[in-house]
Every structure is written in C-alpha cells, then in structure tokens.
There are 2 protein chains.
Amino acid sequence: MTVADFDAWARTQLVAVEDCLSLWVPADAPAGLGTAMRYAVLDGGKRLRPLLALAAAHAVGGRRMASLRAACAVELIHAYSLVHDDMPCMDNDVLRRGKPTVHVQFGEAPAMLAGDAMQALAFEVLTPDSPAHPDEAIPAALQARLCGLLARAAGHAGMAGGQAIDLASVGRPLDEHSLRDMHHRKTGALLRASVMMGAACGDIDAAAWSALEVYGDSIGLAFQVIDDVLDVTQESDQLGKTAGKDVDANKPTYVSLMGLDAARRHAFELRDQAQSALTRSALRDTVWLSLLADKVVERDR
Amino acid sequence: MTVADFDAWARTQLVAVEDCLSLWVPADAPAGLGTAMRYAVLDGGKRLRPLLALAAAHAVGGRRMASLRAACAVELIHAYSLVHDDMPCMDNDVLRRGKPTVHVQFGEAPAMLAGDAMQALAFEVLTPDSPAHPDEAIPAALQARLCGLLARAAGHAGMAGGQAIDLASVGRPLDEHSLRDMHHRKTGALLRASVMMGAACGDIDAAAWSALEVYGDSIGLAFQVIDDVLDVTQESDQLGKTAGKDVDANKPTYVSLMGLDAARRHAFELRDQAQSALTRSALRDTVWLSLLADKVVERDR
C-alpha cells in the first residue's frame with residue numbers, strides 16, 4: 001500500500017462520514033440550534049478521529065454501519081468540545097477551522113446549547129432506532145459498549161477532566177509527568193476511544209485489544225506534542241486557528257518543557273511505539289492505522 | 001396507600017439515590033472538577049425525576065439496580081442543564097437550590113466543564129462495567145435503550161431544543177401552541193424520559209407503554225404550568241431560586257398567557273389526564289405514580 005492508496009481510502013471514508021453527519025445533524029432543530037450545530041461540525045477539520053475509528057474497524061473486520069456511527073459520534077464529541085473550548089470563559093478564541101468560532105457567529109448562549117446538544121447527539125447516533133435494512137442493525141450489546149467507551153473518554157476521567165487541569169495550569173509550571181497526564185485526558189482519551197470504538201465493531205482477542213490501546217495512547221500523545229510544535233512554528237492562516245496562543249497564555253507545552261527539537265524527536269519516538277504495537281497486535285490489516293500514525297506526526301496543520 | 005406511606009417510600013428512595021450519586025459523582029475528578037460536579041448535584045433539589053423513574057419502575061416491576069441508575073442519570077442531566085442555564089450568557093442567575101449557582105461559586109469555565117462532564121457521566125452511569133454481584137448486572141439491550149431514551153430527551157429534539165426556543169422567545173409573544181411546544185421539549189422531554197426509563201426497566205406491553213407516555217407528557221406540562229404559577233406567587237427564599245425572573249425577562253408564561261386562575265385550573269386538568277392514563281395502563285401498582293402527579297400540581301416550591 002502506498003500513501004496514494006491511503007489518500008484514496010481516506011477520501012472515500014470521509015465522504016461517507018460527511019454524508020452521515022449531514023443526515024444526522026438536524027437542519028430543522030428549533031430556533032437556529034440545528035444551524036449552529038451543522039456550522040460547528042460539517043465541512044471542517046482534519047477528521048482524524050473518524051479516520052482512526054474507521055481504520056481500526058478495517059483492521060478488525062468490523063461492522064460497517066456501526067463503525068460509521070462510532071466515527072461520527074467521536075467527531076461530534078470533538079466538535080462540541082471545540083465549541084465550548086473557544087468560548088469567552090474558556091480560551092476566548094475567534095477563529096476555528098478558518099472560520100469565525102460558533103459563539104462569534106451565533107452568540108454565546110446558542111454556542112453553549114449547540115455544544116450541549118452535540119454531546120447528546122453523539123449518544124443518539126450510537127443508539128439508533130430499528131433500521132429499515134437489517135444490514136444496518138447494530139447489536140444492542142455493541143451500542144451499549146460504544147456508549148460506555150465514548151462517555152468515559154468524554155467525561156471527568158477523560159476530556160473534560162483534562163480541560164479542567166488545563167484551565168488550572170495556566171501560568172503554573174507543570175513537569176513532564178503532569179503535562180502528560182493532562183494531555184492523556186484532554187486529547188488522548190478521545191483519540192484512544194476513536195481507535196477502541198472502531199475496534200469494538202469487530203471481534204478481537206484481549207492481546208490485540210491491549211496492543212490497540214497502546215497504539216491509541218501513543219498516537220494520542222504524539223498528536224499533542226506535534227500540536228505544541230505547530231503552535232510555535234506555524235501561522236494562524238496555515239493552522240486555521242489562532243497560532244501562538246499557548247505561548248501567549250503562558251501555558252505549559254512540550255516545546256516549553258523540552259525545546260523544539262526534542263519535542264519533535266519525542267513525537268517520532270511515540271509514532272514508533274504506535275507502529276510496534278500494531279505489529280504486536282497481529283491483526284490482519286493495520287496498514288491504514290500505520291499510515292495514520294505517520295500522518296499524525298508529519299502533519300503541518 | 002396514604003400520603004404518609006408515599007412520604008416514607010419517597011424518603012427511602014431518595015436515600016438510595018443520594019447514596020448512588022455520592023458514589024458515582026467522583027470527588028477525585030481532577031483540578032476541582034469533581035468538587036464542582038458534587039456541589040451541583042448532591043444534597044439539593046426536589047428529585048422529582050428520580051422519583052418518577054423509580055415510581056415507574058415500581059409500577060412495572062422493573063429491575064432495581066437498572067432503575068436506580070436510570071434515576072441518577074436523569075438527575076445528572078437535569079442538574080447539568082441547571083448549571084449551564086444559570087450561566088451569565090444564559091439566565092445569569094446567582095441563586096439555585098438556596099445556594100450560590102455553580103459559576104458564582106467556582107467560576108464560569110469550571111461551571112461549563114462541570115456541566116459537560118455531568119452529561120457524559122449520565123451515560124457512564126447507564127453503561128456500568130461488569131458488576132461484582134450478578135444481581136447488579138444490567139442487560140446490554142437495556143443499557144442501550146436507556147442511553148437512547150436519555151440522549152433523545154436531552155438533545156436537540158428535547159431539552160436543548162426547548163432551551164433554544166426559550167432563548168429566542170424572550171420579549172416575543174408566543175401563542176399557547178408555541179409555548180406548549182417549547183415546554184414539551186424544555187422540561188417535558190426529560191420528565192417523560194424519567195417515566196419511560198423507569199418503565200423500560202420492566203417488561204410491559206405497547207398499550208401500557210403508550211399510557212405511560214401520556215402520563216409523562218401530562219405531568220411534564222403540569223409541572224411547567226405550576227412553575228409559571230409559582231414564579232409569580234412565591235418569594236425567592238421559598239423557591240430556593242430567583243422568583244419573578246420570567247416576568248422580569250418578559251418571557252412568555254402560562255400565567256401571562258391565560259391568567260393565574262386559568263393556569264392553575266389547567267394544571268389540575270393535566271393532572272387528571274395523567275391519572276386517567278394510569279388507569280388505562282392497567283399496570284398493577286401505579287400508586288406512587290398517581291401520588292407523584294398530585295405532588296406536581298400541589299407543590300409550593
């Protein structure tokens with residue numbers, strides 16, 4: 001498989017994800033709520049989490065419809081977290097994915113409600129009513145497992161907990177252990193959940209499951225290290241969001257802690273750990289997961 | 001059964017609910033997040049939604065542990081919605097359940113995060129890991145069904161959608177149909193879901209299910225009509241929240257639409273509809289549901 005094959009695969013997957021999101025994020029939700037939700041989640045972002053879910057499902061021969069629902073649910077959680085994170089009481093950011101942030105475009109209260117409704121929608125997407133086609137049915141046990149994985153990644157032990165540490169750490173020195181704990185929760189938990197939710201759509205043994213957890217943790221951390229690198233090396237228009245804001249906010253980052261070159265090297269070490277985990281998993285087709293690990297550390301935005 | 005019997009039953013249920021919430025809302029969530037979550041949900045409120053869930057589970061002979069989880073999950077969603085609703089960008093309220101609101105006590109960003117984490121926690125509570133005691137196990141199909149009912153009640157078609165209509169309606173005249181639609185979503189959806197999640201913990205036929213839906217819709221609306229009545233007839237210290245704020249905000253209410261006496265009469269008609277639905281359900285023991293319907297319209301706070 002080549003990078004060109006990967007790009008073609010990813011394009012196909014993302015068309016399916018966009019189609020599903022467009023179908024499931026309701027244009028007709030009342031009083032402009034649907035408009036704000038669609039603005040927040042459609043046509044934007046790298047879609048790394050959906051690709052991780054679908055690549056993991058590919059690796060385990062997972063159910064297609066379940067994995068598409070998992071992919072869209074994790075993206076909804078990610079997108080809602082950005083909406084709330086950008087609000088004035090949090091990061092107070094005005095630019096996201098190259099567009100005005102949701103609260104700038106629609107107001108603060110609609111932004112908060114849109115985020116709240118997007119979190120609920122993620123769990124609606126994972127618990128569909130009986131489908132017209134039996135092929136699209138998702139076993140109840142899988143629905144429950146996907147809900148559990150997503151809720152734990154989004155909540156106090158995962159993303160929301162990491163954001164709380166992040167808030168409390170502004171202007172305070174964090175050592176590498178604390179910084180790693182914060183990112184493990186704030187971005188790592190949902191990236192790992194993307195992988196594990198995709199993996200849950202198939203049947204794999206405990207050893208393969210553990211190996212994929214290591215893969216998910218490693219690329220989750222690598223993603224954040226590269227985020228810190230890009231925050232100081234790229235311009236806002238390249239990133240599609242405000243560059244340099246962590247430095248401006250005096251937030252601890254991997255770059256401030258270990259320097260630019262060491263941070264880059266660390267990201268590549270984590271990528272190598274992820275690749276080793278894939279080899280250990282002995283799963284039949286981990287090529288997309290492997291290429292995604294490369295993309296995570298080689299990205300420029 | 002007497003009102004005294006009901007009070008004893010309710011006290012017993014609420015001790016169990018408080019014990020579970022205290023166990024499941026983590027004191028040790030990082031950076032003060034757990035403290036804010038516990039402040040928002042423990043030791044406060046009428047606990048109407050948990051009681052509805054447990055009374056419905058009683059009526060259908062439902063599984064105990066599942067119904068306790070359902071009861072706590074709906075209360076977590078309710079409590080998170082109050083935290084977000086009280087924030088400056090929404091109702092900007094400083095008093096709730098007789099205490100300073102969460103953002104007054106902890107700050108806006110921690111309040112938003114605590115609300116977000118509480119929504120996720122509701123779905124964590126509904127999807128427990130395998131329990132130590134088999135008695136406490138909840139079938140995966142029931143977990144998935146409870147998640148689906150709760151997500152739809154909390155999201156764009158339910159509570160969040162109703163809040164969006166509410167926001168957009170300040171200072172604008174709403175006719176009774178529009179006001180009913182708003183409340184049907186904003187408060188009605190979660191009250192109805194409380195009943196239906198309790199009912200889902202047992203096995204009932206479609207006719208009984210439909211009758212309970214009518215019961216849930218009727219008391220949901222009655223609850224809101226009485227809320228509007230209390231907003232103009234009671235003082236803040238009696239309500240434990242700011243009285244008169246709907247009038248001050250020029251929000252449409254049942255009282256502004258139909259007058260105080262007609263609003264009261266309407267609430268009692270809705271209570272009677274709820275009681276008729278219970279009779280039609282032919283369920284074996286609807287006494288607690290029946291007495292809860294009375295409590296909803298006879299309450300003074």
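Before moving on, here are some points about what is shown:
- Scanning the stretch A:159-210 for residues that are polar (S, T, N, Q), more than 15 Å from A:T286 (Cα to Cα) and surrounded by fewer than 24 Cβ atoms within 10 Å (Cβ to Cβ) gives A:S169, A:S178, A:T187.
- Looking only at the stretch B:190-227, and only at residues there that are of a type in the set (G, A, S) and under 27 Å from B:L179 (Cβ atoms), the one that is nearest to the chain's Cα centre (by Cα): B:S194
- Failed item, numbered, when B:L52 is tested on (1) more than 28 Å from A:G158 (Cα to Cα); (2) in contact with a His (Cβ under 9 Å, 6 or more places away or on another chain): (2)
- Whichever residue in the stretch B:171-180 is over 23 Å from the mean Cα position of the chain (by Cα) and within 13 Å of chain A (Cβ to nearest Cβ) and, among such residues, is nearest to B:K251 (Cα to Cα): B:R172
- All positions within the stretch B:14-42 that are at pLDDT below 95 and either more than 12 Å from every other protein chain (Cβ to nearest Cβ) or surrounded by 19 or more Cβ atoms within 10 Å (Cβ to Cβ) (or both): B:A29, B:P30, B:A31
- Taking the criterion of being aliphatic (A, V, I, L, M) and more than 8 Å from chain B (Cβ to nearest Cβ), the residues of the stretch A:80-106 that qualify are A:L82, A:V83, A:V94, A:L95, A:V102, A:V104.
- The residues on offer are A:L126, A:L76, A:L68, A:L95, and the sole one that is under 22 Å from B:M90 (Cβ atoms) and aliphatic (A, V, I, L, M) is A:L76.
- Residue count, the stretch B:120-161 (criterion: at the interface with chain A (Cβ under 7 Å from one of its Cβ atoms) and farther than 16 Å from A:T127 by Cα): 3
- Selected residue (only one of B:A109, B:A73 is within 14 Å of chain A (Cβ to nearest Cβ) and closer than 30 Å to A:V170 by Cα): B:A109
- Residue check, B:L54 surrounded by fewer than 23 Cβ atoms within 10 Å (Cβ to Cβ), under 20 Å from B:A193 (Cα atoms), among the hydrophobic types (A, V, I, L, M, F, W, C) and more than 14 Å from every other protein chain (Cβ to nearest Cβ): no
- Checked against the criterion of being over 23 Å from A:A111 (Cα atoms) and out of contact with any strand residue (DSSP E or B) (no Cβ under 8 Å at 6 or more places or on another chain), the candidates B:H58, B:H84, B:H78 yield just one match: B:H58.
- Residue among B:A222, B:A200 that alone is in contact (Cβ under 8 Å) with a residue 60 or more places away in the chain, over 21 Å from B:C89 (Cβ atoms) and within 14 Å of chain A (Cβ to nearest Cβ): B:A200
- Output for the stretch B:99-136, where each listed residue is more than 17 Å from B:A40 (Cβ to Cβ) and surrounded by fewer than 16 Cβ atoms within 10 Å (Cβ to Cβ): B:D129, B:S130, B:P131, B:A132, B:H133, B:P134, B:D135, B:E136
Quick grid of which residues meet (1) closer than 18 Å to A:L52 by Cα; (2) more than 17 Å from the chain's Cα centre (by Cα):
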site: A:K251; (1), (2): no, yes
site: A:D261; (1), (2): no, yes
site: A:E269; (1), (2): no, yes
site: A:Q275; (1), (2): yes, yes
site: A:V296; (1), (2): yes, no
site: A:R299; (1), (2): yes, no
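The values are calculated or read from the model by the stated rules, or taken from the named source; none is laboratory data. Remember, it's a predicted structure, so these values are computed and weren't measured experimentally. Methodologically, a virtual Cβ is constructed for each residue, glycine included, from the backbone with ideal geometry; neighbour enumeration extends over all protein chains shown.
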